[in-house]
Every structure is written in structure tokens, then in C-alpha cells.
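Below is one structure, written out as C-alpha cells, with a few remarks after it.
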Amino acid sequence: MEVFQSHRKSSSNNVIVSILPFYRSAPPLEVRLEDFEFFAMDRLRVLKGISDGLCRGKKPEEMEKLVVDLWKANMRHPQAVEEVNKDIISHFVLRLVYCRTEELRKWFLSMETTLFRHRFRLESSEAQRALMSEFKLPYKAVSNAEFESVKDKLGQVARSMGQNLAAADAIFYKVPFEEVPDLVSGRRVFIHKGHAYVAMNQVVSLVVTQFRSYISKALILTNRKWTSTIREQEKDRLTPIVEALCTSYLGPDYSQPQEFGEISIKDIDQVAKTSFPLCMRHLFEKVKEDHHLKHGGRMQLGLFLKGVGLKLDDALAFWKAEFAPKVSAERFDKEYAYNIRHNYGREGKRTDYTPYSCQKIISVTPGIGDHHGCPYRHFSEENLRAALVRMGVSSRAVEDVMDKVHNRHYQLACTLTFEAVHGSSCDAGINHPNQYFIDSQRVLQSKNGSVA
Ligand code: SF4
């Protein structure tokens, strides 16, 4: 087995200076099927984290820290070679996953470019130069003598942008001025004899542009190969994994109640008010109001309640009592109790069914008379605004939430609601209704010294 590595070595001492790859060719490695999937899921956690950070409007320095943390948490391996291989394999798997539609390609390209930009910035300047020569960017670093001759001019430009010219580590490149029109028009470079003197931190943009254009073309080519051969050839092995990966939920399954143990029927009204996300609060209110819920709603709320710790007997008692005004006890036992026991793994295949993730809830299409789904996606604007106000969200925060909704960032809208209601940040973002519940209980416990 040939191991594909992308280490670059400095010409002087053969020391590895960078492990940031350009993903030029798929690695000639044998990859176990589990690794194929798990590596891709780990990278997806990084890309989704970046996507959340961007949607939240994080500043460049905050993004830098976020990228470092995400990479450390998901992609690190004690052996550098393994880390590089995981990096490359996961990129190529996700290339297959995200090459298949225009929308998927756009998202992947944007996240991979952001990841590359920050990883590039974190490299030493020696490694950055090695990477630049690998991209064959035809720019030469300005020599010391030349730097000294134009230092004052460069200093003036730097000061005009509110920066200092730190001579000790200032590296500039001479670039034909027409290649950096944005820097020229923004007066952010010194120009002399047709050349712009571009600082290292500005060169990053040029490298990233090259990277972006290369990956963009590669995605189109991968899509052609996928459609013409790979999809059919791999229909029993890779294709199902590839097709499932872009919608896969990456967090815990919450099928068992976690740190807050069980809740009983007597607590349920109270915790619904304080700790249910809007999707579950809505279903809970509807079952109380209508004394009935259609199948989709019963599944969404029922599995959520199981995940927050409502035991089977309590669940049966809860649904029976709520349905009582419309459904007789006999009919309930005959038509509804089986499904509830089924969800708890006591009937049928005895599978312990897992509560639905946000991704799953957001992707459903509720019909007329259904109340399940995600309110941020499925409510009308008017209904959503009214529901947010009922939850105690301030009018300013409502506007922020609606802004995310308009941009179709539903989970982020839910995260902002959580933060507004609890007065506490939720950096990980909301990915699962049961996570919302647990995070809420945690905040309330730390505020009150006891769970609400
Ligand atoms: Fe529920 Fe998730 Fe939608 Fe929030 S984002 S309302 S938790 S489905």
C-alpha cells in the first residue's frame, strides 16, 4: 500500500514545514469502509462548525480559534502521517458527497476554502512560501536590499490602513499590479514600475483564490465521474454511504435520558414551559388544546419525551389523559398504545427508537392538520413572530431570529432563541431538540441551584 503524503520539506534541512495539502489527487490508499465513512463524518463536523461560525457572523480572529478547536477535536491523530491521510481521505470522500448538486458544491467549496484560508494563515511563513511555490504562483519575495529601499513607502501604506510595518518579519511579494485590482483600488498596496508590493497577509488571498478555483473545477469533474461511472459501479457499497452523508446527523442519539435522568408527569407542564424547544412546545400545546395529534406529531413529541426521561408507563398515562376528551380508554388501548410501546422498543422488532434530530425534523413536509416539523422552517412569519414573543423573546432578538430564518439558517434561529430566552450563550449551536432540553436544564440548574 502506497501512503500518500503531502509533507513539504525545506530545501535547507529536510525538515517538514507543512502538512497542509492541496488535494490534487485521490490517495492511492486502501481505505476500510468504516474509515471511509467515519473520516468523512469527522471532517463534516469541522465544516459544519465553520458554517455555524460564519452564519453567526464571527470575526476573523474568532474564526481562527474556532477552526483550530474544530480541527483539534475532530481531525487530530497522534501520528502526523495518519492525520495527513485522514485529512486527504476525508476531503476526497466529501468531494464525492458534495459534488452532486449545485447547492451542495457551493456549500462545500465555501467551507473548504474557509478552512484552507485559516489553516494557511496558521502555517509558518516558511511553510507558506513552500505552499505558494507548490501552487506555482510566479511571485518572488522582495529581497532585503529592495525592502530597505522602499521601506518608507511601505510604512506609509501600512499606516494609512492603521497597521504597523513590523520590519523584522515583513515579507512582501512583487506582483503585477493588474493581478490585484482590489488592493489597488482600495489603495492598500504600494505600486512601483508596474508592480504592487503585496504583504504576506495579502498574498493569502491570492493563494486562496487559486485553491478555490482548483477545487471548484475538481468538483465539476468529480460530478461527471460520479454520474457516469462511480454511482452505478458502487451502488451496493459506497453509493448508499455517499448519498446519506450530506444529511447525516453527527451528534449523540439521545435515545436514553442523559444527565437529568427521568421526568415524571407532574413535572412535564413546568419543563415544557422552561426547557422545550419551540417545535416540542408547539406540539405539547397542540395536544393539550386539541386532545389529539396526528401520527407525525405523536412520533416527534413521543420520542423526544422518551429522550428527556419520561418512562413508558408515564408516557402511556400522559397520552391517554390528553386524548381522553376525544378518545375512549378502550379505543386508546387498541389504536394508540401499541405505537407508544413500539417507540420504547416493547413491541415489533423491539428496536429502541431514537428521538429525531433537527435535521430530520427540518426536512419533513407536514401536511394539512399536521403540527410536527420545525416552526422556524414551517410556520408563517406572523405565527413564528407571535410564538417567539410568547416564549419571552425580546423584540430586538426576534428581529435577529427572523434574519436567520430569512436566510434559511433554522438551527441558528433556534440557537438565538435559546440564547435570548436563557440569557446564556450556546456556542455549539442547537442540533437536536433533546440537546436544547439538556442545555436548558443545565443553564437553569446553574442559575437556581436546582433543575426547574
Ligand atoms: Fe426544534 Fe431543532 Fe427546529 Fe429548534 S431547530 S425548533 S430544536 S427542530
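Near residue 117: Cβ cut-off under 12 Å, other residues only, Lys/Arg at +1 and Asp/Glu at -1. The net charge is 0. In summary, the aspartates and glutamates within cross-link reach of residue 288, defined as a Cα separation below 18 angstrom excluding same-chain residues under 8 places away, comprise 267, 269, 314, 322, 370.
Converting phi to 3J(HN,Hα) with the Karplus coefficients 6.51, -1.76 and 1.60 and the offset θ = phi - 60°, segment 60-75 yields x, 5, 5, 5, 4, 5, 4, 4, 4, 5, 5, 5, 4, 6, 10, 10 Hz in sequence order, with x at every glycine or proline.
When N is the residue count of the chain, what does its C-alpha Rg come to as a fraction of 2.2 N^0.38 Å? The partial results should precede the final answer.
Details: Rg = 27.2 Å, N = 452, 2.2 N^0.38 = 22.5 Å.
This ratio for the chain stands at 1.21.
Annotation: amide H of residue 172 within the under-5 Å range of 142, sequence separation 5 or more or interchain, hydrogens built in the peptide plane. A dipole drawn for segment 88-140 from +1 and -1 charges on Cβ atoms has a positive end, and of 115, 125, 90 the residue lying farthest that way is 125. Taking 31 Å as the limit for the C-alpha separation, the pairs 58/217; 106/447; 235/360; 286/311 exceed it in the case of 106/447.
In this structure segment 196-349 gives 49 Å² per residue of accessible area when probed at 1.4 Å with all protein chains present.
Charged neighbours of residue 393, selected by a Cβ distance under 11 Å, balance to 0 (K, R count +1; D, E count -1).
Just the number, please: carbon plus sulfur as a percent of the accessible area of segment 231-298, 1.4 Å probe, no ligands or DNA/RNA counted.
The value for segment 231-298 is 49 percent carbon and sulfur by accessible area.
A helix-only calculation puts the chain at -19000 deg cm²/dmol for mean residue ellipticity at 222 nm, using -39500 (n - 2.57) for each DSSP H run of at least four residues, averaged over all residues. Protein heavy-atom surface of segment 20-176, 1.4 angstrom probe: 51% of the accessible area is carbon and sulfur, with nucleic acids and ligands not counted. Over segment 265-450, all Cα pairs binned in 10 Å intervals from 0 give whole-percent P(r) values of 9, 37, 35, 16, 3, listed from short to long. For the pair segment 128-189 and segment 96-117, the centres of their Cα atoms are 30 angstrom apart.
The values are calculated or read from the model by the stated rules, or taken from the named source; none is laboratory data. Since the model is a prediction, treat every value here as computed from it, not as a measurement. FYI the Cβ positions are ideal-geometry reconstructions off the backbone, even for glycines, and counts take in every protein chain you see. Areas reflect the complete protein model, heavy atoms only, side chains present, ligands, DNA and RNA absent. Shrake-Rupley method; radii C 1.70, N 1.55, O 1.52, S 1.80 Å.
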